[in-house]
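Trainee: Structure provided below as structure tokens; questions to follow.
The values are calculated or read from the model by the stated rules, or taken from the named source; none is laboratory data. These figures come from a predicted structure and were not determined experimentally. Using ideal geometry, Cβ is built from the backbone for each residue, glycine included, and neighbour counts are taken over all protein chains shown. Side chains included, ligands, DNA and RNA excluded: accessible areas come from the protein's heavy atoms. Shrake-Rupley method; radii C 1.70, N 1.55, O 1.52, S 1.80 Å.
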Amino acid sequence: MKAFEFSNVVLDTAALQDEMRDVTCGGFAAFEGWVRNHNEGLEVTRLEYEAFAELAEKEGARIVEEARVKFGVTRAACVHRVGSLALGDVAVWVGVSAAHRDEAFRACRYIIDEVKHRLPIWKKEHYVNGDSGWVNCERCAMPAAHTHEHHEHHHEHAPIHTPDYSRQIALREVGAEGQARLRGASVLVVGAGGLGVPVLQYLAGAGVGRIGIVDADRLEPSNLHRQTWYALADCGREKSTLAAQRVQALNPEVRVESHALRLDNGNAERLAAGHDLILDCSDNFATKFLLNDLALRIRKPVLFASVYQYEGQLQLVRGDDATACLRCVWPEATRDGLVGNCAEAGVLGPVPGVFGSLQALEALKILLGLPGLTANEMLIFDLVSLNTQRLRARRAADCDAHRRAGAVVATPAPPELELTFATLAEAQAAGYTFIDVRDARERAEEPLPAPALNLPMSKLLSDAATLDADLRYLLVCATGKRSAAAANLLRSQGLRECRSLRGGIRGLKATA
Ligand SMILES: [Zn+2]
């Protein structure tokens, strides 16, 4: 048996233990890490482990050897599961045989602690409500060791760091209110390549509450000169997954969803749903025009960035009837391949880096309501001459895309129904008045730690007329389900600015 190995089948711990038998040894110690049914208040139904296998195997073998030498034990081995695991499965097994029990215990402890801290292994949890999320496994080969602690029964308490936005909150234009807006915002990033990498880094760093990532490609060595977030050892893996893991490692507060698929007419609307802003970080015209037409159809802003050799441009399409879209500017629907993409044309790495950074900056400004690129202009930046130009982008009276969208959509889409906040104070800072839709008994058992109107579901419709249509209301209940239904009901009564607290009171941080 190898000192360290991965297994994608259920571990036979009795057989593993048999392999450790040695008549010269007086003691055997084993540790088993099990899949448990909850994490951070969420009920877990199953989970998946994924590893950077080559790297992890080498490091794992090194750890076991270290333990053998350090504690002078006779035999030591560790097996870690990958793939899909059920509740109760053994996720990791460590066995140590030694002359005496003390070194067996200590070596066993050393191996499991080091494995948890040093190996690049990731865990995806599936929850009862159908959601899933990547959970980063302690330090997960992240050298700075700034990641969340997690939840098996054995580990020591590592220092827990939480994101700190003080350096941007210090800006007068951001402040606590701006931070709350970022926290409540949701952005879909299409493309996790040269543009997507800086975009995702800065959005995650800034604390944008929810980020969706769409990318169908797998990482290739030729990507790395411009996609410097990734590692050579990542090549061959899905970029959407890699990017989601990097986002989560950078900022565990971000709710990140990854989609390893190509955007098309069949899935675009579903993927865009629930996001306030879409960022086009793609490298092909088919995707850009598809997003353009989607923006007009669902009336959602898309911020486009494109790079060609040493030049790039930014354009904001608001998706309304009054401002320009891509087809207004480029009426001859540009076929994919007419202008090369990075693959054919070549590009210096920092060029998409600059435009992705600009795109992230404009995105944050849009979310914060700060001035920036407007919808009727294009920013063109030549990185050879370093000249920038802002060109007018005119809404063309005969634009096909605008005409088609006008025929389909007559009224603007309503604002997002659900918002995510870490604390009620954040929501308050963002200008929301709370409506508690729980009944009196629930309120008494678990009082809301903030002033609120009490409007139980039973009285919702009869009392709707007493609400102020100009105020921004945030409805709350225990889990966010009733409040979402109630917000929908109130909207049908003409209260357009009703929102629901996603996840409810139980989703708030304990400090709230
Ligand atoms: Zn147009």
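Trainee: Measure out, as a whole number of angstrom, how far apart the alpha-carbon centroids of segment 20-80 and segment 454-479 sit.
Mentor: Distance between centres, Cα-based: 52 Å.
Trainee: From the protein chains alone at 1.4 Å, what is the descending order of accessible area for Trp122, Trp34, largest first?
Mentor: Trp34, Trp122
Trainee: Right, next: Ignoring GluC sites (Glu not before Pro) that are buried or in helix or strand per DSSP, and keeping those with at most 15 other beta carbon atoms within 10 Å, what is the longest stretch of the chain between them?
Mentor: 333-512
Trainee: For the chain, what is the accessible area per residue in Å², given a 1.4 Å probe and the full set of protein chains?
Mentor: On a per-residue basis, 46 Å².
Trainee: Next up: When the accessible area of segment 167-406 is split by element with a 1.4 Å probe, what percent falls to carbon and sulfur?
Mentor: Ligands and nucleic acids excluded, carbon and sulfur reach 52 percent.
Trainee: Also, quick follow-up: Got a sec? What order do Thr466, Thr45 fall in by accessible area at 1.4 Å, biggest, i.e. largest, first?
Mentor: The most accessible residue leads, giving Thr466, Thr45.
Trainee: Of Lys481/Lys509; Lys300/Lys459; Lys58/Lys239; Lys365/Lys481; Lys123/Lys288; Lys288/Lys365, which pairs sit farther than 29 Å apart, going by alpha carbon to alpha carbon?
Mentor: Flagged as over cut-off: Lys300/Lys459; Lys365/Lys481; Lys123/Lys288.
Trainee: Which part of segment 486-511 falls in the paramagnetic zone of Lys459, meaning amide N under 18 Å from the point 7 Å along Cα-to-beta-carbon?
Mentor: Answer for segment 486-511: 486-487, 490.
Trainee: Same structure, new question: So what is Rg over Rh here for the chain, counting just Cα atoms and using Kirkwood for Rh?
Mentor: Value, to two decimals: 1.03.
Trainee: Heavy atoms only, probe 1.4 Å: what % of the accessible area of segment 4-145 goes to carbon and sulfur, would you let me know?
Mentor: Ligands and nucleic acids excluded, carbon and sulfur reach 50 percent.
Trainee: Oh, and also: Compute, for Cys328, the solvent-accessible surface of its heavy atoms (probe 1.4 Å) with the complete set of protein chains present, and express it in square angstrom to the nearest 10.
Mentor: Spelled out: Cys328, probe radius 1.4 Å, area about 20 Å².
Trainee: Shifting gears a bit: Pick out the long, greasy-scoring helices in the chain: whole DSSP H runs spanning 18 Å or more along their own axis by Cα, mean Kyte-Doolittle at least 1.0.
Mentor: Membrane-span-like by this rule: 350-368.
Trainee: Can you give the calculated 222 nm mean residue ellipticity of the chain, where each DSSP H run of n ≥ 4 adds -39,500 (n - 2.57) and the sum is split over every residue, rounded to the nearest 500 deg cm²/dmol?
Mentor: -9000 deg cm²/dmol
Trainee: Using a 1.4 Å probe on the protein heavy atoms only, what accessible surface does Met1 show? Give it in Å² to the nearest 10.
Mentor: Here the residue's solvent-accessible area equals roughly 100 Å².
Trainee: To the nearest 10 square angstrom, how much accessible area does Val35 have with a 1.4 angstrom probe?
Mentor: 10
Trainee: Whole number please: convex hull volume per residue, Cα atoms of segment 167-406, in Å³.
Mentor: Measuring per residue, one finds 123 Å³ for the Cα hull of segment 167-406.
Trainee: Let me ask another. Kindly sort Cys78, Cys235 by accessible area of their heavy atoms, largest first, with the probe set to 1.4 Å.
Mentor: So, going from the largest accessible area down, we get Cys235, Cys78.
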